[in-house]
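Take a look at the structure set out below.
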Amino acid sequence: MSNLFSSFDPSSSMNLSLNWLSAILSILILPTIFWLIPSRLSMLWNKILFILNKEFKILLNLKNNKGSTLIFISLFSMILINNLTSLFPYIFSSTSHMTLNLSLALPMWLSFMLFGWINNYMHMFAHLVPQGTPPALMPFMVCIETTSNIIRPLTLAIRLTANIMAGHLLLTLLGNSGNKLSFMILSILIFSQLMLFVLESAVAMIQAYVFSILSTLYSSEVN
């Protein structure tokens with residue numbers, strides 16, 4: 001590696017950003033598992049999706065409207081698969097870039113805002129002033145709520161980017177420091193890297209869940 005951040009460089013030797021193809025790498029691997037023969041992995045994944053569907057329906061206050069949670073389940077699946085595959089060697093970590101994360105967060109936020117202000121503008125105006133706010137503080141609360149609403153897609157993207165990039169940088173730092181170490185210290189380093197890899201696997205799942213849950217909450221506010 002020429003520098004610490006070279007693992008996050010999307011360019012390739014042919015000056016083409018072929019590393020972004022890692023975002024659809026799972027499409028080439030998973031179809032035989034899910035569509036050819038029912039396996040334990042497919043049953044586990046279906047169980048996870050059913051649990052997420054129930055939770056998203058509760059957040060959206062839905063009972064019989066089928067398919068409304070599909071976009072959030074698809075979002076969770078895409079981010080989770082990209083986060084987990086980026087932990088493997090020589091696979092580009094696409095979710096550590098603001099380009100991909102903003103492309104996911106910004107269109108959803110814009111669609112929520114357009115839907116809310118066009119179809120339910122009185123409800124959107126009521127959200128700008130929390131219940132019980134003193135009249136003297138109402139102008140300030142409107143400015144604060146408007147600012148917090150505008151930066152929502154940015155906070156979604158930055159949260160995912162920072163968490164994924166921080167873990168990859170720690171793994172890279174530990175991996176590059178083991179060339180001139182003794183056997184005892186090297187064994188400790190390998191054990192610490194394994195523990196960090198387990199932690200990063202958990203972070204990959206948690207960040208995908210947080211991204212989809214927050215998107216669901218932002219959607220529920222416009223109804």
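The values are calculated or read from the model by the stated rules, or taken from the named source; none is laboratory data. It should be emphasised that the depicted structure is a prediction, and the values quoted were computed from it without experimental measurement. Glycine also receives a Cβ, built like all others from the backbone with ideal geometry; neighbour counts cover every protein chain displayed.
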Checklist entry - Considering segment 143-166 alone, what residues qualify as being small (Gly, Ala, Ser) and either touching a strand residue (DSSP E or B) at 6+ places or on another chain (Cβ under 8 Å) or at pLDDT below 85 (or both)? => result SER148
Next on the checklist: Can you pull out every residue in segment 76-106 that is in a helix (DSSP H, G or I), among the polar types (S, T, N, Q) and farther than 13 Å from SER212 by Cα?
Outcome noted: ASN82, ASN83, THR85, SER94, THR95, SER96, THR99, SER103
Next on the checklist: Anything in segment 152-183 that is basic (Lys, Arg) and assigned to a helix (DSSP H, G or I)? List them, or say none.
Outcome noted: ARG152, ARG159
Next on the checklist: Testing PRO107 on (1) under 16 Å from the mean Cα position of the chain (by Cα); (2) surrounded by 12 or more Cβ atoms within 10 Å (Cβ to Cβ), one condition comes back false. Which one is that?
Outcome noted: (2)
Checklist entry - Which numbered condition trips up ASN15, out of (1) assigned to a loop (DSSP other than H, G, I, E, B); (2) at pLDDT 75 or above? => result (2)
Next on the checklist: Name the single residue that is surrounded by the fewest Cβ atoms within 10 Å (Cβ to Cβ) among those in segment 69-85 being closer than 22 Å to LEU171 by Cα and within 13 Å of the chain's Cα centre (by Cα).
Outcome noted: LEU84
Checklist outcome for this item: The lone condition LEU62 fails out of (1) surrounded by 14 or more Cβ atoms within 10 Å (Cβ to Cβ); (2) among the aliphatic types (A, V, I, L, M); (3) modelled with pLDDT of 80 or more is (3)
Item to check | Within segment 117-151, considering residues that are among the small types (Gly, Ala, Ser), more than 29 Å from the chain's Cα centre (by Cα) and in a helix (DSSP H, G or I), the one surrounded by the fewest Cβ atoms within 10 Å (Cβ to Cβ) | outcome: ALA136
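Go through the residues of segment 35-54 one by one and say whether even a single one is part of a helix (DSSP H, G or I) and modelled with pLDDT under 70.
Step one: filter segment 35-54 for residues part of a helix (DSSP H, G or I), giving 35-36, 40-54.
In the following step, the residues that additionally are modelled with pLDDT under 70 were identified as 35-36.
Checking segment 35-54: at least one residue is part of a helix (DSSP H, G or I) and modelled with pLDDT under 70.
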Checklist entry - Applying the selection to segment 188-223, what residues are small (Gly, Ala, Ser), surrounded by 12 or more Cβ atoms within 10 Å (Cβ to Cβ) and over 18 Å from PRO89 (Cβ atoms)? => result ALA208, SER212, SER215, SER219, SER220
Checklist entry - Pick from PHE211, PHE197: which is of a type in the set (A, V, I, L, M, F, W, C) and closer than 21 Å to LEU110 by Cα? => result PHE211
Checklist entry - Cβ-Cβ below 8 Å, separation at least six or inter-chain, first residue in segment 123-138 and on the phi < 0 side of the Ramachandran plot, second part of a loop (DSSP other than H, G, I, E, B) and among the charged types (D, E, K, R): which pairs? => result HIS127/GLU221
Next on the checklist: One residue is enough: does segment 184-206 have a residue meeting the conditions outside any helix (DSSP H, G or I) and β-branched (Val, Ile, Thr)?
Outcome noted: no
Item to check | Pairs, first small (Gly, Ala, Ser) in segment 187-202, second surrounded by 13 or more Cβ atoms within 10 Å (Cβ to Cβ), C-beta under 7 Å, six or more apart | outcome: SER192/LEU174; SER201/LEU84; SER201/LEU87
